[in-house]
Each structure stands twice: as C-alpha cells, then as structure tokens.
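The values are calculated or read from the model by the stated rules, or taken from the named source; none is laboratory data. Small disclaimer: the values here were computed from a predicted structure and weren't measured. Here the Cβ is made from the backbone with ideal geometry for all residues, glycine too, and neighbour counts use every protein chain on show.
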Amino acid sequence: MNKINSGSATDQLISTYSLYSEETSLGDPEFIHIEDIRTRAELFDWTINIHTHPKMFQLVYVRKGSVRIHIDGLEQSEAAPCLITVPAGVVHGFEFDQQSTEG
C-alpha cells in the first residue's frame, strides 16, 4: 500500500491500491475485475474507506439499497438503482447500507 497526500487542507494521507485492501499489482492494463458489493464490503463492516486506484477505472452498480459516496472531497447519498463511475486516480470511498444494499 502506498500513501499519497490528498492535497486538501487536512493534509490527509490516502491509501493507494490495485484492488481495495490488496497489495498486489493488477499487471495487465486490460484487466477486468468483477465482484458483488457484499464480497468486499462485508469484510470492512460495509465501509470502504477513502482510497485511490492509480490505474483502474471503477464502476459500482448499486441494484438495491443505498450508498453514501465520498469522492474527491465531496459527499453524496444515493439510492438504488445507481451507477457510480470512478476514474483512475480519483480519491473515493463508500458507506453501504448493510441491511439492504445489493449490487
């Protein structure tokens, strides 16, 4: 895990991953990774802390439930259905509703 300066007034350090919480490199630039929200979110009590992926464009589809999105210092809540797009290098995090979120 690398840490980068967020550039914000709080001078917070941001974790950098290939996949959230994983140290391994994706390698192939045409890599596609698909998993449901529950698989990773459940491991972290449904909160994915702010982080970035320097080489991965991310799509998060919320089919059911709701999510609080943290992206580039902004916060917004969304209800399903919604599709969240996160370009490579953009700082982001998610808080999913544990009781109802599917995607």
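Listing for the model above:
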{"read-out": "Residue in the range 74-90 that is in contact (Cβ under 8 Å) with a residue 24 or more places away in the chain, touching a Pro at 6+ places or on another chain (Cβ under 7 Å) and buried (at least 19 other Cβ atoms within 10 Å of the Cβ) present", "value": "no"}
{"read-out": "So residue 32, is it in a strand (DSSP E or B) and modelled with pLDDT under 95", "value": "no"}
{"read-out": "Neighbours by Cβ (under 6 Å, 6+ apart or cross-chain): first from the range 56-69, crowded, with 16+ Cβ neighbours inside 10 Å; second among the polar types (S, T, N, Q) and in a loop (DSSP other than H, G, I, E, B)", "value": "65/100; 65/101"}
